[in-house]
Amino acid sequence: MKAKDFLADLQRRFPNEPEYLQAVEEVVNSIEDVYNEYPAFENENLIERLCIPDRIYSFRVSWVDDKGKVRTNMGYRVQHNNAIGPYKGGIRFHSSVNLSILKFLAFEQTFKNALTTLAMGGAKGGSDFSPRGKSDMEVMRFCQAFINELYRHIGADTDVPAGDIGVGAREVGYMFGWYKKMQKEFTGSFTGKGLAFGGSLMRPEATGYGNVYFLLNMLRTREIDIKGKRVAVSGSGNVALYTAEKLIYLGAKVVSLSDSNGTVIMEDGMTREQYEKVFDLKMLYRGRINEFAQTEELPYYAGERPWRIIKCDIAMPSATQNEIDGDDARALIAGGCIAVSEGANMPSTREAIAEFLKARILYAPGKAANAGGVSVSGLEMAQNAQKISWTAEEVDERLKHIMLDIHNQCVEHGREPDGFVNYVKGANTAGFLKVAKAMHAQGIV
Ligand code: NDP
């Protein structure tokens, strides 16, 4: 395989899917050498079969708002690859959702899930419906209409959706409820469910906590202590808030949070009391970060992301894709940033990644660092299958173990001759080899 030719062909076939092409390019460039070590892969054109999704469902979702007006959104499910287990990946509800974004997410998910050591294939779904500003009843009617189409294509051993941006416990509950009604069966067909109906303890915390555990493993390789470190976090949703909570617990200083309207800065680090206030504001009242800044009298930068307005030792982007560009990366490095650990999926652009690698800082791509969420989803599937529940301590221990295992795989496949660990190469190679070997063993399907 010549990566350049393959990527040019993909570009020709999918010219309007920049995020998808970006994600594929990152992986294909970093696995070219190892791919070429296995002639069978090339004979079977494995790379093309691995990069193009197995299938995509797209459908119209019509629902009625509180004023009685009929609204229409698009719904999608991208089933990317099930070579190592049932399709598995979250559902995103956000006005920006389109096929390119879901294809990139499903592609990334396939490699991430392979790294978790659990038996899960890769998928992703969603809609351009935004829950923001909608009543609970509107969200419920939308979720039911969405599942009315999707229920045929998912199931505990087929494809198991979960949450993502705009999809939390409320949305998963509504979708699971309608799925159960349509299928007339109670199975582990979703993860991220409420505790009373099959959810796992620690699933809400898992992505944020898991990212911090991954960061600790990286810092340990350079004997750096997290205590007292200034950490810039972006976003203020599920991933960002649990990241912040664990960082505060470990004695680090969380110096920022954000949402799509702006960034709040906490020069001396967020206090535990401030954390509890922002958690309630975001999780219970679905409030905005500028309200938190106002009540706490903290500096707020409308329309800005954290990276250029505050100096930090560590950056943990936890909002969305392409939220750190080349200039942001250069500003972070110039400001003394020693580590970037990604809570979000593909938050760094190609240029930003190149800057981090050039500067030889600790840089963990999302498919490794944020894999804690889907890992605990995998543990939720295991508990559902056995009809048992593990304690929070048990799940947390397993999560720590999985994050260490993912870190070890990255080090094994990403260590360069001078000792530097290229976590991008490590994660991509380890994930690729697992899926590719399974595909090879299963023939051309
Ligand atoms: P939430 O919906 O809970 O929170 C998303 C946060 O990111 C909000 O603060 C939101 O602000 C902000 N945000 C969303 N879109 C944009 C944008 N275009 N520009 C700036 N800010 C934005 O989602 P999650 O916390 O679950 O997800 C965050 C990231 O983590 C995503 O990339 C997701 O794919 C990834 N991830 C999530 C996992 C999970 O378990 N939930 C697992 C692995 C990865 P606003 O409210 O203004 O929209």
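The values are calculated or read from the model by the stated rules, or taken from the named source; none is laboratory data. Keep in mind the model is a prediction, meaning the values are calculated, not measured. Here Cβ is always computed from backbone atoms with ideal geometry, including for glycine, and neighbour counts include all displayed protein chains. For accessibility, only protein heavy atoms count, side chains too; no ligands or nucleic acids. Shrake-Rupley method; radii C 1.70, N 1.55, O 1.52, S 1.80 Å.
Within the range 303-317, the set of residues being open to solvent by less than 10 Å² (accessible area, probe 1.4 Å), within 16 Å of the ligand (Cβ to nearest atom) and not aromatic (Phe, Trp, Tyr) comprises 306, 315, 316, 317.
Among all residues of the range 168-177, there is at least one that is within 13 Å of the ligand (Cβ to nearest atom) and touching a strand residue (DSSP E or B) at 6+ places or on another chain (Cβ under 9 Å). The number of residues in the range 189-242 being open to solvent by 20 Å² or more (accessible area, probe 1.4 Å), in contact with a Pro (Cβ under 8 Å, 6 or more places away or on another chain) and either hydroxyl-bearing (Ser, Thr, Tyr) or more than 16 Å from the ligand (Cβ to nearest atom) (or both) comes to 1. Among the residues of the range 11-20, none qualifies, meaning not one is hydrophobic (A, V, I, L, M, F, W, C) and either under 22 Å from residue 378 (Cα atoms) or open to solvent by less than 10 Å² (accessible area, probe 1.4 Å) (or both).
Does the range 285-300 contain any residue that is in contact (Cβ under 8 Å) with a residue 60 or more places away in the chain and closer than 28 Å to residue 21 by Cβ?
First, the residues of the range 285-300 that are in contact (Cβ under 8 Å) with a residue 60 or more places away in the chain: 286.
Checking which are closer than 28 Å to residue 21 by Cβ leaves us with none.
No, every residue in the range 285-300 fails to be in contact (Cβ under 8 Å) with a residue 60 or more places away in the chain and closer than 28 Å to residue 21 by Cβ.
Only one of (1) in contact with a helix residue (DSSP H, G or I) (Cβ under 8 Å, 6 or more places away or on another chain); (2) within 24 Å of residue 330 (Cβ to Cβ) is not met by residue 261, so which one is it? Only one criterion is unmet by residue 261, namely (2). The set of residues in the range 269-286 being within 16 Å of residue 239 (Cα to Cα) and outside any helix (DSSP H, G or I) consists of 286 alone.
Quick one: is residue 256 modelled with pLDDT of 95 or more, part of a strand (DSSP E or B), within 16 Å of the ligand (Cβ to nearest atom) and surrounded by 23 or more Cβ atoms within 10 Å (Cβ to Cβ)? Answer is yes for this residue.
For the range 149-161, a residue qualifies if it is touching a residue at least 60 places away in the same chain (Cβ under 8 Å), open to solvent by 30 Å² or more (accessible area, probe 1.4 Å) and in a helix (DSSP H, G or I), and the qualifying residues are 149, 153.
In this structure, does residue 162 turn out to be more than 23 Å from residue 64 (Cα to Cα), touching a strand residue (DSSP E or B) at 6+ places or on another chain (Cβ under 6 Å) and modelled with pLDDT of 95 or more? Talk me through it step by step, then tell me what you get.
On the way: more than 23 Å from residue 64 (Cα to Cα): yes; touching a strand residue (DSSP E or B) at 6+ places or on another chain (Cβ under 6 Å): yes; modelled with pLDDT of 95 or more: yes.
Judged against the criteria, residue 162 is a match.
Scanning the range 326-380 for residues that are in a loop (DSSP other than H, G, I, E, B), within 16 Å of the ligand (Cβ to nearest atom), open to solvent by less than 10 Å² (accessible area, probe 1.4 Å) and not aliphatic (A, V, I, L, M) gives 342, 343, 347, 365, 370. For the range 126-147, the candidate set comprises residues that are farther than 24 Å from residue 282 by Cβ and touching a helix residue (DSSP H, G or I) at 6+ places or on another chain (Cβ under 7 Å); within that set, the residue that is surrounded by the most Cβ atoms within 10 Å (Cβ to Cβ) is 147.
If you check residue 293 against the conditions, is it among the hydrophobic types (A, V, I, L, M, F, W, C) and part of a helix (DSSP H, G or I)? I'd like the intermediate steps shown before the answer.
Numbers: among the hydrophobic types (A, V, I, L, M, F, W, C): yes; part of a helix (DSSP H, G or I): yes.
Spelling it out, residue 293 is indeed among the hydrophobic types (A, V, I, L, M, F, W, C) and part of a helix (DSSP H, G or I).
Being within 16 Å of the ligand (Cβ to nearest atom), under 19 Å from residue 367 (Cα atoms) and aliphatic (A, V, I, L, M) holds for only one residue in 162, 119, and it is 162.
For the range 134-145, the criterion of being of a type in the set (Val, Ile, Thr) and closer than 28 Å to residue 67 by Cα is met by at least one residue. Take the range 296-310 and flag every residue that is assigned to a helix (DSSP H, G or I) and more than 25 Å from residue 228 (Cβ to Cβ). Scanning the range 296-310 gives no hits.
Checking every residue in the range 36-57 against the condition of being within 16 Å of the ligand (Cβ to nearest atom), touching a helix residue (DSSP H, G or I) at 6+ places or on another chain (Cβ under 9 Å), open to solvent by 30 Å² or more (accessible area, probe 1.4 Å) and touching a residue at least 24 places away in the same chain (Cβ under 8 Å) gives zero matches.
Of the residues making up the range 61-96, those that are part of a strand (DSSP E or B) and open to solvent by 20 Å² or more (accessible area, probe 1.4 Å) are 62, 64, 70, 71, 72, 73, 74, 76.
The criterion of being under 30 Å from residue 302 (Cβ atoms), in contact (Cβ under 8 Å) with a residue 12 or more places away in the chain and either open to solvent by 10 Å² or more (accessible area, probe 1.4 Å) or away from the ligand (no atom under 16 Å from the Cβ) (or both) holds for residue 261.
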